[in-house]
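Where a number appears in this text, it was derived from the coordinates with a stated rule and is not lab data. Keep in mind that this is a model prediction, so the values were computed, not measured. Here the Cβ positions follow ideal geometry from the backbone for every residue, glycine too, while neighbour counts run over all protein chains shown.
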Amino acid sequence: MFACISGGGIAVAEIAQPGQLDINVFLQLTLGCFLLQFTISAISFLGSCLFNSSGKSLAVGAGIPLAMLACKMVAGMSDSLEKLSHLSINTLFDTEAIVNGEAFIGKLIVLGVIGVIGVICYVAGSVAFKNKDLPL
């Protein structure tokens with residue numbers, strides 16, 4: 001899906017405004033968005049695999065990503081609440097730094113960390129589900 005969005009976005013940008021799109025920045029933003037979505041879905045998957053009860057799995061699988069988003073949003077309201085943003089994985093995806101071209105290697109490492117967190121959560125969820133005793 002993200003590959004289609006990237007390809008389509010680049011094609012439309014080249015047709016509508018030839019040469020105006022910084023393709024490198026666009027691809028970094030798309031990759032970062034994909035990795036963030038991948039990690040959030042991995043957290044939800046892990047929550048679903050850990051619990052037999054749908055209430056508990058929803059509380060963890062949806063609660064953790066929503067809590068992280070809420071922390072990021074509240075942190076943006078005031079400078080005194082800025083420390084709350086560090087409780088969110090969304091903070092790792094720094095779109096302003098990517099657009100401004102700051103520290104490419106550093107941002108690539110951070111995007112790698114986001115991806116590794118996602119892989120760890122998916123693997124842990126798979127192991128938890130495999131070892132789970134399903135009540136039928």
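Odds and ends about this structure:
- Qualifying GluC sites (Glu not before Pro) in segment 51-136, where qualification requires a DSSP coil assignment and no more than 15 other C-beta atoms within 10 Å, comprise E102.
- FRET efficiency, Q20 to A97 (Cβ-Cβ, R0 30 Å, nearest 0.05): 0.90
- Segment 95-131 residues near the modelled C33 label - backbone nitrogen below 14 Å, point 7 Å along Cα→Cβ: 95-96, 99
- Sum of -39500 (n - 2.57) over DSSP H runs of 4+, divided by residues of the chain (222 nm, nearest 500): -23500 deg cm²/dmol
- Between 0 and 90°, nearest 10: helix 2-16 axis offset from the chain longest Cα axis: 20
- Positive contributions from Lys and Arg (+1) and negative ones from Asp and Glu (-1), summed over other residues with Cβ under 14 Å from the Cβ of L36, come out at +1.
- Long-range Cα-Cα pairs in the chain (distance over 26 Å), rounded percent: 38
- Placing +1 on each Lys and Arg Cβ and -1 on each Asp and Glu Cβ, with no other charges, gives the chain a dipole about its Cα centre of roughly 600 debye.
- Sequence-distant residues sharing a close amide H with F93 (under 5 Å, placed H): none
- Electrostatic tally near F93: other residues with Cβ closer than 15 Å to its Cβ, Lys and Arg +1, Asp and Glu -1, net -1.
- Each of A11, F129, G47 was placed along the dipole of the chain (beta-carbon charges, centred on the mean Cα), and the one lying farthest toward the positive end is F129.
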